[in-house]
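*Asks:* Right, I'll just put the structure down here and ask away after.
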Amino acid sequence: MSSELTIKRIAIFGSTGSIGTQALDVIEANPDLFSAEVLTAHHNDELLIEQALKFNPNVVVIGDEKKYAKVKEALASTDVKVFAGEKALEEVASMDCYDFMLAAIVGYAGLKPTLKAIENGKIIGLANKETLVVAGDIVMRKAVEYRVPIIPIDSEHSAIFQCLVGETRNKIEKVILTASGGPFIGRKPNYLVNVKREHALQHPNWTMGAKITIDSATLMNKGLEMIEAKWLFNLKPEQVQVVIHPQSIIHSMVQFEDGSIKAQMGLPDMKLPIQYALAFPKRIKNDFPRYDFKKINTLSFEEPDVKTFRNLGLAIDALNKGGNLPCVMNAANEIAVYAFLRNRINFLDMTDVIEKAMQSIPFIANPTLEEYFESDGEARNFAADLIKL
Ligand code: NDP
Ligand code: MG
């Protein structure tokens, strides 16, 4: 691990995504604190090459093996090592050329490289919530075993983490996750059934990757975050509450045993939790826009409508029952979102696919890692068959 005087070497897994590119902005703005040593992309070779030429990392990985030759050739005049394929992500996660893994791959694909980074003793900055939804018990146990800190980047969990600094001896009564409600807040099923991809991709407060934007529109994102919170902060399901807060100024709250509630606030900007995780335990001065009470002078709160946004109800079921159910739900959701983004199913069909997968895949109360992998595969196949993908 680097000392305060040395530069923290960052590996960004998913550097071409929404979180990855914002993390590179933070690194670029703080060259005396951070360097980018590993960059990875799945298909976006052009951006990966551009990033590699700019940041001169130790290693890059392109997931799509067909693009290896192009990336290799473009970086031929540099010292950057080029790898390709899914396995390469795990191999690179096991290298010593970095101190801190920013886990910013989207979906289940982020799980295996993150497990390798933990086994390699690296600090994890976790944006990839699916990692904890799929196998939270195993990931957190491994982090304890290898004494690896997991610092959340998801804005709600970063807020809770920030509220908990200095409170190690104090018990949490509950955490309150805030949700913007997404673009369809207040809408009913008769409206949602006709919602198109382009409309669902317009989030009112945040600009993010396509998958999480759809998850925000269905409220599945908040369900995934409830499960993420349970594992990160060692909570019982009933200690995790959700409240709709359309302004996205309060990023989440912690209520302690004395009834006192701490909140973390600010404008919605992912650079803040990214920077906080990279620099933790320090805060870095920056010139990001500040929240102005005169401009946004009303903060409002309401109950989530789980009858309309049934994905949130399904996620609460998965949170309560545990075992492989969150893993199955996550896999079916990834397939359903993929199909919706390709106009293969409608907005409400996504919920039916997830619900049927959760009812059909055999329940396992205490899965091994292998059983999680198997449950993920079974749920994906089941959902794809149902949609006829
Ligand atoms: P994006 O879709 O914008 O980026 C995903 C990144 O992962 C890209 O670099 C992409 O490469 C890469 N990738 C995609 N599929 C695979 C795969 N199968 N194997 C390896 N790499 C892959 O996602 P976001 O940045 O929005 O989200 C990343 C994670 O962070 C998600 O888990 C999300 O839930 C979480 N998160 C995101 C927030 C946000 O504001 N965006 C907020 C809070 C959490 P390529 O570009 O080549 O396709
Ligand atoms: Mg979030």
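The values are calculated or read from the model by the stated rules, or taken from the named source; none is laboratory data. Keep in mind that what you see is a predicted model, and the values were worked out from it rather than measured. Using ideal geometry, Cβ is built from the backbone for each residue, glycine included, and neighbour counts are taken over all protein chains shown. Note: accessible area is taken over every heavy atom of the protein model, side chains too, but ligands, DNA and RNA are not part of it. Shrake-Rupley method; radii C 1.70, N 1.55, O 1.52, S 1.80 Å.
*Asks:* For the chain, give the share of DSSP beta bridges that are antiparallel, in percent and rounded to the nearest 5; count only bridges with both residues there. Intermediate results must be reported in sequence, preceding the final value.
*Replies:* Details: 11 of 41 bridges.
Here the share of antiparallel DSSP bridges comes out near 25 percent.
*Asks:* Evaluate 2.2 N^0.38 Å with N set to the residue count of region 8-152, then give the Cα radius of gyration divided by it. Before the final figure, lay out the partial values.
*Replies:* Details: Rg = 14.1 Å, N = 145, 2.2 N^0.38 = 14.6 Å.
So the Cα radius of gyration is 0.97 times the expected 2.2 N^0.38 Å.
*Asks:* Could you name the lysines in cross-link range of Lys285, using Cα to Cα under 16 Å and dropping any fewer than eight places away on the same chain?
*Replies:* Lys271
*Asks:* Something else: Would you please name the trypsin sites (Lys or Arg not before Pro) within region 213-302 that are DSSP coil residues with at most 16 other C-beta atoms within 10 Å of their C-beta? Mind showing how you got there, number by number?
*Replies:* Values: sites: Lys222, Lys230, Lys262, Lys271, Lys282, Arg283, Lys285, Arg290, Lys294, Lys295; in loops: Lys282, Arg283, Lys285, Arg290, Lys294, Lys295.
Sites meeting the loop and neighbour criteria: Lys282, Arg283, Lys285, Arg290, Lys294, Lys295.
*Asks:* So, one more: For a quick check: with amide H placed at 1.01 Å from N, whose amide H comes under 5 Å from Gly125's, ignoring anything fewer than 5 positions away on the same chain?
*Replies:* Under 5 Å from the amide H of Gly125 lie the amide H atoms of Met101, Leu102, Ala103, Ile151, each far enough along the sequence or on another chain.
*Asks:* Taking θ = phi - 60°, what integer Hz values does the Karplus form 6.51 cos²θ - 1.76 cosθ + 1.60 yield along region 220-229, in sequence order, with x for Gly and Pro?
*Replies:* So the Karplus estimates, Gly and Pro as x, are 4, 3, 5, x, 4, 5, 5, 5, 4, 5 Hz.
*Asks:* Turning to a different aspect of this structure: Short version: ³J(HN,Hα) in whole Hz for each residue of region 162-173, in order, from phi by Karplus 6.51 cos²θ - 1.76 cosθ + 1.60 (θ = phi - 60°), x for Gly and Pro, what are they?
*Replies:* Running phi through 6.51 cos²θ - 1.76 cosθ + 1.60 with θ = phi - 60° gives 5, 5, 8, 4, x, 10, 4, 8, 9, 7, 8, 7 Hz.
*Asks:* Please give, to one decimal in nm, the separation of the simple spin-label points placed at Trp206 and Lys295, each 7 Å out from Cα toward the Cβ.
*Replies:* 2.0
*Asks:* If you don't mind, another one. Helix-only estimate, please: 222 nm mean residue ellipticity of the chain, summing -39500 (n - 2.57) across DSSP H runs of length 4 or more and dividing by its residues, to the nearest 500.
*Replies:* One gets -13500 deg cm²/dmol as the mean residue ellipticity at 222 nm.
*Asks:* On to the next question. What is the sum of charges around Ile387, taking Lys and Arg as +1, Asp and Glu as -1, for the other residues whose C-beta is under 9 Å from the C-beta of Ile387? Intermediate results must be reported in sequence, preceding the final value.
*Replies:* Values: positive: Arg344, Lys388; negative: Asp349, Asp385.
That sum, taken over residues with Cβ under 9 Å, equals 0.
*Asks:* Still on this structure, I have one more. If you stretched the chain out fully between Asp25 and Asp258, how much longer would it get, using 0.36 nm times the residue separation minus the C-alpha to C-alpha distance? Intermediate values should be presented prior to the final figure.
*Replies:* Values: separation 233, 0.36 × 233 = 83.88 nm, distance 4.02 nm.
Full-extension gain reported as 79.9 nm.
*Asks:* Along each principal axis of its Cα atoms, how long is the chain end to end? Whole angstroms, biggest number first, please.
*Replies:* Answer, in whole Å and largest first: 57, 50, 41 Å.
*Asks:* Please calculate how many Å² of accessible area the chain carries per residue, with a 1.4 Å probe and no DNA, RNA or ligand atoms counted. List each step's numbers first, then the result.
*Replies:* Numbers: 17680 Å² over 389 residues.
That works out to 45 Å² per residue.
*Asks:* Whole-Hz Karplus ³J(HN,Hα) for region 278-283, in order, using 6.51 cos²θ - 1.76 cosθ + 1.60 and θ = phi - 60°, x for Gly and Pro?
*Replies:* In residue order, the calculated couplings are 5, 9, 3, x, 8, 10 Hz.
*Asks:* Give me the net charge for the shell around Ala117: Cβ to Cβ below 13 angstrom, other residues only, Lys and Arg +1, Asp and Glu -1.
*Replies:* Working: positive: Arg9, Lys112, Lys116, Lys122, Lys142; negative: Glu37, Glu90, Glu91, Asp96, Asp99, Glu119.
Cβ neighbours under 13 Å give a net charge of -1.
*Asks:* Show the residues, 5+ positions off or on another chain, whose built amide H is closer than 5 Å to the amide H of Lys81.
*Replies:* Val59, Val60
*Asks:* Below 10 angstrom from the Cβ of Asp154, what's the summed charge of the other residues (Lys, Arg +1; Asp, Glu -1)?
*Replies:* Working: positive: Lys129; negative: Glu156, Glu225, Glu228.
Once all neighbours under 10 Å are counted, the net charge is -2.
*Asks:* Moving on. Pop out the carbon and sulfur fraction of the accessible area of the chain as a percent, whole number, probe 1.4 Å. Intermediate values should be presented prior to the final figure.
*Replies:* Values: 9110 of 17680 Å².
The computed percentage sits at 52.
*Asks:* Continuing with the same structure: What are the residues whose amide H is under 5 Å from the amide H of Gln264, where those residues sit 5 or more places off or on another chain and H is modelled from the backbone?
*Replies:* Hits under the 5 Å cutoff: His251, Ser252.
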